[in-house]
Amino acid sequence: MIRVSVDSIKVSLISQHRVVVLKEEGTERYLPIWIGPFEADAITIGLQSIEMSRPLTHDLLRSVIEGLKASIAHILVSDLRDDTFFAQIVVEVNGRRVEIDSRPSDAIALAVRVKVPIFVAESVMDKAGIVPSEEREEVTEEEEEKLAPFKDLIEGLDLKGLGEE
């Protein structure tokens, strides 16, 4: 498992879709995952610790888990099949671990609220991870096909100052 953090949430200029960008700790490898606007808002609210007057779905889920005397150990982006990401919310309850199937966006929104680690399976990072490069490399037809869903987003990114502090 590879530990990651939420690097950013990007907005597509062409559609209502958003991309949550996870960054591998200690490297410059990123994992972009397409998500919906409501999920993007839920992650952003959690990251910024914004208090809502009424609990949102992810706050409710956190309350239910805590009410059952369980705790969230971590979340894992566990698989990538047919361009769809899968995740697990790993919960500890009564001395045992329970893995709950989840969309990555929901698992991430929950993880940022309870401040638990976010992991990505190595196989997922190997399939979909991106390392920005200064030099333009030749892209094979297979790679271009895999990257096609991200083309519009990537072409619209402003990466000036990325990594500068």
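Laboratory data are not the source of any read-out in this text; all were calculated from the coordinates shown. The model shown is predicted, which means the values in this text are computed figures rather than measured ones. Here the Cβ positions follow ideal geometry from the backbone for every residue, glycine too, while neighbour counts run over all protein chains shown.
See the values below:
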quantity: The stretch 1-75 shape via C-alpha gyration tensor axes, a/c threshold 1.5; calculated: oblate
quantity: Residue order, fewest to most surrounding Cβ atoms within 10 angstrom, among H17, H58; calculated: H17, H58
quantity: Dipole moment magnitude, nearest 20 debye, the stretch 88-133 about Cα centre, only Lys, Arg, Asp, Glu C-beta charged; calculated: 160
quantity: Positive-pole candidate from H74, I50, S5, dipole of the stretch 1-83, charges at beta carbon; calculated: I50
quantity: Nearest-20 debye value, the stretch 15-134 charge dipole, Cβ charges on Lys, Arg, Asp, Glu; calculated: 400
quantity: Per-residue Cβ neighbour rank within 10 angstrom, fewest leading, M125, M1; calculated: M1, M125
quantity: Considering only the stretch 37-137, percent of DSSP beta bridges that pair antiparallel, nearest 5; calculated: 85
